[in-house]
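The values are calculated or read from the model by the stated rules, or taken from the named source; none is laboratory data. Given the structure is predicted, the values throughout are model-derived calculations rather than measurements. Note that we place each Cβ from the backbone using ideal geometry, even for glycine, and neighbour counts take in every protein chain shown. In case anyone asks, the SASA skips ligands and DNA or RNA and just uses the protein heavy atoms, side chains included. Shrake-Rupley method; radii C 1.70, N 1.55, O 1.52, S 1.80 Å.
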Amino acid sequence: LQPWQRAFVTMFMQHRETFGKVRLLLADEVGLGKTLSLGASAMVSVLLDDGPVLILCPSTLSLQWQVELKDKLGIPSAVWSSAKKVWIDPDGHIIKTRGPEDIARCPFRIAVVSTGLIFHDSEERRHLLERKFGTVVLDEAHRARRRGGLGEKRDEPNNLLDFMLHIAPRTRNLFLGTATPIQTEVYELWDLLKVLNGNVEFV
């Protein structure tokens with residue numbers, strides 16, 4: 001880990017010790033290794049027995065997350081295949097399931113799930129909201145925003161923001177990662193802080 005990545009893990013440990021739970025927004029620029037900063041902190045939370053880890057990211061990044069966790073940190077994880085409704089281990093082996101409900105029963109302590117499932121209000125989304133987690137990581141967190149546009153629902157949360165507002169009280173540690181500055185409205189940043197503030201009295 002680079003010094004700034006170790007510093008993030010140190011901050012995670014300090015907040016955990018001070019508050020008993022952690023709420024952090026990581027906004028490093030592209031190329032500075034947010035995946036390793038967040039992944040190393042998730043690994044520490046597992047070692048400290050905080051509970052299962054849920055990593056939410058775009059489907060195009062899910063295998064990248066799994067590879068980096070394994071190659072750089074030596075952490076095994078499972079990726080949920082939304083097409084086949086099965087778990088895939090770090091060696092590419094398929095772990096059979098009974099169906100969408102088994103997204104809530106990851107065979108590894110760290111689960112990587114596509115945010116596409118959340119956007120599409122899938123059956124898996126509902127099963128995830130029934131679980132409690134030790135740590136939840138949302139990569140590309142700027143996608144959790146209000147619907148926008150010109151319709152009556154423009155100020156309502158999109159499905160991802162709504163999911164995060166509901167999952168926040170169900171997790172001990174919550175990390176949001178984004179390299180994209182808020183370029184439209186300031187309230188989008190406040191919405192992310194509202195997610196972080198779920199069920200805690202601090203951010």
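Quick rundown of the values:
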{"read-out": "One residue from LEU56, LEU61 being modelled with pLDDT under 95 and outside any loop (DSSP other than H, G, I, E, B)", "value": "LEU61"}
{"read-out": "Residues within the stretch 104-115 that are in a helix (DSSP H, G or I) and modelled with pLDDT under 95, tallied", "value": "1"}
{"read-out": "Test: residue in the stretch 143-161 that is part of a loop (DSSP other than H, G, I, E, B), open to solvent by less than 70 Å² (accessible area, probe 1.4 Å), within 24 Å of LEU32 (Cα to Cα) and not aromatic (Phe, Trp, Tyr)", "value": "yes"}
{"read-out": "Restricting the stretch 69-79 to residues that are crowded, with 18+ Cβ neighbours inside 10 Å and out of contact with any Cys (no Cβ under 8 Å at 6 or more places or on another chain), the residue that is farthest from ARG16 (Cα to Cα)", "value": "VAL79"}
{"read-out": "Residue among LEU25, LEU36, LEU63, LEU47 that alone is among the hydrophobic types (A, V, I, L, M, F, W, C), under 13 Å from VAL137 (Cα atoms) and open to solvent by 40 Å² or more (accessible area, probe 1.4 Å)", "value": "LEU25"}
{"read-out": "Single unsatisfied condition, ALA27 versus (1) touching a Pro at 6+ places or on another chain (Cβ under 9 Å); (2) of a type in the set (A, V, I, L, M, F, W, C); (3) modelled with pLDDT of 95 or more", "value": "(3)"}
{"read-out": "Residues located in the stretch 32-89, provided they are in contact with a Ser or Thr (Cβ under 8 Å, 6 or more places away or on another chain), closer than 21 Å to ASN159 by Cβ and not hydrophobic (A, V, I, L, M, F, W, C)", "value": "PRO58, SER59, SER62, SER82, LYS85"}
{"read-out": "Output for the stretch 92-103, where each listed residue is open to solvent by 100 Å² or more (accessible area, probe 1.4 Å) and either closer than 20 Å to TRP65 by Cβ or modelled with pLDDT of 95 or more (or both)", "value": "HIS93"}
{"read-out": "The stretch 66-100, residues that are more than 25 Å from SER41 (Cβ to Cβ), polar (S, T, N, Q) and in contact with a helix residue (DSSP H, G or I) (Cβ under 7 Å, 6 or more places away or on another chain)", "value": "SER82"}
{"read-out": "Number of positions in the stretch 126-135 that are assigned to a helix (DSSP H, G or I) and open to solvent by 20 Å² or more (accessible area, probe 1.4 Å)", "value": "2"}
{"read-out": "From GLY92, GLY99, GLY51, GLY31, residue being on the phi > 0 side of the Ramachandran plot and within 18 Å of the chain's Cα centre (by Cα)", "value": "GLY51"}
{"read-out": "Matching residues, the stretch 106-125, being over 14 Å from MET164 (Cα atoms) and either touching a strand residue (DSSP E or B) at 6+ places or on another chain (Cβ under 9 Å) or buried (at least 21 other Cβ atoms within 10 Å of the Cβ) (or both)", "value": "CYS106, PRO107, PHE108, ARG109, ILE110, ALA111, VAL112, GLU124"}
{"read-out": "Subset of the stretch 166-192 that is assigned to a helix (DSSP H, G or I) and open to solvent by less than 50 Å² (accessible area, probe 1.4 Å) - its residue that is nearest to ALA141 (Cα to Cα)", "value": "LEU192"}
{"read-out": "Condition broken by HIS15, with the remaining ones in (1) of a type outside the set (S, T, N, Q); (2) open to solvent by less than 20 Å² (accessible area, probe 1.4 Å); (3) more than 24 Å from ILE103 (Cβ to Cβ); (4) assigned to a helix (DSSP H, G or I) satisfied", "value": "(2)"}
{"read-out": "Residue satisfying all of: in the stretch 64-101; outside any strand (DSSP E or B) and of a type in the set (A, V, I, L, M, F, W, C); farthest from SER122 (Cα to Cα) among these", "value": "LEU73"}
